Amino acid sequence: MEELIERAKNKDKEAFTELVLSIQKDLYCMAKVKLQNEEDIYDVIQETMMVAFKDIGKLKENRFFKTWIIKILINKCNRVYRLKKFVSFEEYDAYNYVAQEDKNEKMNFDILISCLDNKEKMIMTLYYYLEYTTKEISKILNIREGTIRSKISRAKSKIKNYYKGEFE
C-alpha cells in the first residue's frame, strides 16, 4: 500500500484508483451512515476521490491515507446533509456491489444500531463494522480518544437497554 500511495502522490491515476478500490466498502458504509439517497452517496464518494487525488500530495504520513480520505468523505457528507437536511435514517437500501452475506450482515448491524443518534451510529460503524481503532476514529472525527471510548461504551449500554426492554 505504501508504494501505491507514493505513486498516487506522483499523480499516478492507476495507483490512486487501486487505493480507492481497496477501501470502497469503507467509503460506502460511512456515506451510508450519514446519507440515505444512493445518488448522493455515490456523488459524495466521487467528490471525495476528486479532492483526495488533487490533494494527496498534502498527505504527510502515508500510513494515515485511509483515515485521511474517510475524514474528507465525512466532511463532504456533512455538507450534503446540511444542504438537504436529511432526517430519515429508517429506510435501508441494500448495497448493489456487496455480496449477499455482507448485505445481511450490514442490514442486521443497521437494525442493531437503529436506536442510536447519528454521531453514535457513525462511531459504532467505524469501530465495529469497519474495524477502525479508537485512535483512528479519534483522528477522523477530531474527538479525543477517551471520548470515543466513552461514546462506544454508552452506545453499547443504550443498545443493550433498548433490546432488553424489547425482549422482556
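The values are calculated or read from the model by the stated rules, or taken from the named source; none is laboratory data. What you see is a predicted model; the values in this text were computed from it and never measured. All Cβ positions, even for glycine, are placed from backbone atoms using ideal geometry, and neighbour counts span all protein chains on display. These accessible areas exclude ligands, DNA and RNA; they are computed on the full protein's heavy atoms, side chains included. Shrake-Rupley method; radii C 1.70, N 1.55, O 1.52, S 1.80 Å.
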Residue match in segment 19-40 (condition: modelled with pLDDT of 90 or more and over 15 Å from the mean Cα position of the chain (by Cα)):
yes
Give me a count of the residues in segment 11-29 that are within 22 Å of LYS135 (Cβ to Cβ), open to solvent by less than 30 Å² (accessible area, probe 1.4 Å) and assigned to a helix (DSSP H, G or I).
4
Restricted to segment 140-155 and to residues being within 19 Å of the chain's Cα centre (by Cα) and open to solvent by 70 Å² or more (accessible area, probe 1.4 Å), the residue farthest from LYS25 (Cα to Cα) is ARG144
In segment 30-62, how many residues are surrounded by fewer than 19 Cβ atoms within 10 Å (Cβ to Cβ) and in contact (Cβ under 8 Å) with a residue 60 or more places away in the chain?
1
